[in-house]
Amino acid sequence: MMASKYRVRHSRTQSEHQRRAKLAVAILDHGTEEQLAEALAWYRANLNHTLFVVTERGIDDLAQHCPDVSFIHFTTWATLGEKINAVANECGANYFLITRSDLYLARFDGQRLFAKGVSRIAWASVVANSHKEVVPSIRRPQSDGTRIDAESDFPILDEGRTTRTLYPLLGLAIYDRAVFQRIRGFDERIESDYYQLLDWGLRAAMTGHQVLATSALLMQFIERESVIEDRSEKSGYLRCYTKALSYKKKRDGTIALKKPKRAILERAVWNGEVKQRLRWQVKEDFASLVASWPTEAHQ
């Protein structure tokens, strides 16, 4: 990300120890100023973790009244992926939680979320609407032969069980910062939040990482009755197609390059990211990923 697109005002009270904390919490500024103020008050009172606000509005007054909060201020419009990448770059913690100011953090079971022995790149949040109804927040990779997409389903809410999902709905999750950055975070050249999430989830899955949804993390919208993703094909979406469809798994289990059709090929991505970097990391091609994707919850 270009450093000129955002500036950071670190908390005056944030010590070097805090910057290397286990968890940082980042509130993405959505909704009204009142909702942001209420969210800040709640998190400052109830979660003893390094706290960030990611916003495009002026921060001087907020920063003056919240000296224990760090602010990432975008000077121009930014995608969801750009904002989450900025949090990963700046927070310094082992894990970071992405939430929003127009949401309640209804459940945060730290004992379950940070239990040892579960390998995942992210814990995806279960999401509920303003009527406390859980929405379909599980995503599974699918294809109709001409396009790639994500099928929606409901999470399993039983305690102690998790559901594999392709990506966190709206990016709401706890991310393992080191692994997140190892796969280079979100592709900022894709302008669509949906295709950024889809691209990130496919890269994570194809390189051997899992995103797991759990009822130990639950967020509820304050006023929103439905949660609908904008899946329109905005600038850069072919970058997702090129990275996802450039590989073929051979009978011996090895991965070979397979150049996508011209209509879905982003040549710069093929010549650069695919051939020079991703080809050495991919462990699964898209077709076998779809075929083997679990339809039942993990134990």
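For region 233-251, does any single residue satisfy the condition of being without any contact (Cβ under 8 Å) to a residue 40 or more places away in the chain, of a type outside the set (Phe, Trp, Tyr) and more than 25 Å from PHE180 (Cα to Cα)? Scanning region 233-251 turns up at least one residue that is without any contact (Cβ under 8 Å) to a residue 40 or more places away in the chain, of a type outside the set (Phe, Trp, Tyr) and more than 25 Å from PHE180 (Cα to Cα). Check region 27-37 and report whether any residue there is within 24 Å of VAL179 (Cα to Cα), surrounded by 21 or more Cβ atoms within 10 Å (Cβ to Cβ) and either assigned by TED's automatic domain parsing to the domain that holds ARG107 or touching a Pro at 6+ places or on another chain (Cβ under 9 Å) (or both). Checked against the condition, which is being within 24 Å of VAL179 (Cα to Cα), surrounded by 21 or more Cβ atoms within 10 Å (Cβ to Cβ) and either assigned by TED's automatic domain parsing to the domain that holds ARG107 or touching a Pro at 6+ places or on another chain (Cβ under 9 Å) (or both), region 27-37 yields at least one hit. The residues listed here are TRP293, TRP270; of these, the one that is more than 29 Å from GLY117 (Cα to Cα) and of a type outside the set (Gly, Ala, Ser) is TRP270.
Among the residues making up region 73-117, those that are surrounded by 20 or more Cβ atoms within 10 Å (Cβ to Cβ) and basic (Lys, Arg) are LYS83, ARG100. Can you tell which of LEU238, LEU257, LEU202 is touching a strand residue (DSSP E or B) at 6+ places or on another chain (Cβ under 8 Å) and either in the same structural domain as ARG147 (by TED's automatic domain parsing) or closer than 22 Å to GLY171 by Cβ (or both)? Exactly one residue qualifies, and that residue is LEU202.
Taken residue by residue, region 251-272 has at least one member that is within 16 Å of MET206 (Cβ to Cβ) and part of a helix (DSSP H, G or I).
Give the residues of region 273-291 that are outside any helix (DSSP H, G or I) and either aliphatic (A, V, I, L, M) or in contact (Cβ under 8 Å) with a residue 40 or more places away in the chain (or both), sorted by residue number.
If we filter region 273-291 for residues that are outside any helix (DSSP H, G or I), which is where we start, we get 277, 281-285.
GLN281, VAL282, LYS283, GLU284, ASP285, listed by residue number.
Part of a loop (DSSP other than H, G, I, E, B), within 25 Å of TYR194 (Cβ to Cβ) and out of contact with any Cys (no Cβ under 9 Å at 6 or more places or on another chain): is that true of PRO141 in this structure? No; evaluated as a whole, the condition is false for this residue.
I'd like to know if region 254-272 contains one or more residues that are within 25 Å of ILE98 (Cα to Cα) and not basic (Lys, Arg).
Here is the first cut: in region 254-272, the residues within 25 Å of ILE98 (Cα to Cα) are none.
No, region 254-272 contains no residue that is within 25 Å of ILE98 (Cα to Cα) and not basic (Lys, Arg).
Does region 144-181 hold any residues that are assigned to a loop (DSSP other than H, G, I, E, B) and in contact with a strand residue (DSSP E or B) (Cβ under 7 Å, 6 or more places away or on another chain), and which are they?
Start the filter on region 144-181 by keeping residues that are assigned to a loop (DSSP other than H, G, I, E, B), which leaves 144-147, 154-161, 166-168, 172.
Once the filter is applied, which keeps residues that are assigned to a loop (DSSP other than H, G, I, E, B) and in contact with a strand residue (DSSP E or B) (Cβ under 7 Å, 6 or more places away or on another chain), region 144-181 yields PHE154, PRO155, ILE156, LEU157, GLU159, ARG161, LEU166, TYR167, PRO168, LEU172.
The residues in region 218-247 that are aliphatic (A, V, I, L, M), in a loop (DSSP other than H, G, I, E, B) and within 20 Å of ASP29 (Cβ to Cβ) can be counted, and the count is 2. Against the numbered list (1) modelled with pLDDT of 95 or more; (2) within 19 Å of LEU198 (Cα to Cα), SER101 comes up short only at (2). Of the numbered criteria (1) surrounded by fewer than 23 Cβ atoms within 10 Å (Cβ to Cβ); (2) modelled with pLDDT of 90 or more; (3) β-branched (Val, Ile, Thr), the one THR146 fails is (2).
The values are calculated or read from the model by the stated rules, or taken from the named source; none is laboratory data. Since this is a predicted model, take the numbers as computed values, not measurements. Reconstructed Cβ throughout: ideal geometry from the backbone, glycine too, with neighbour counts over all protein chains shown.
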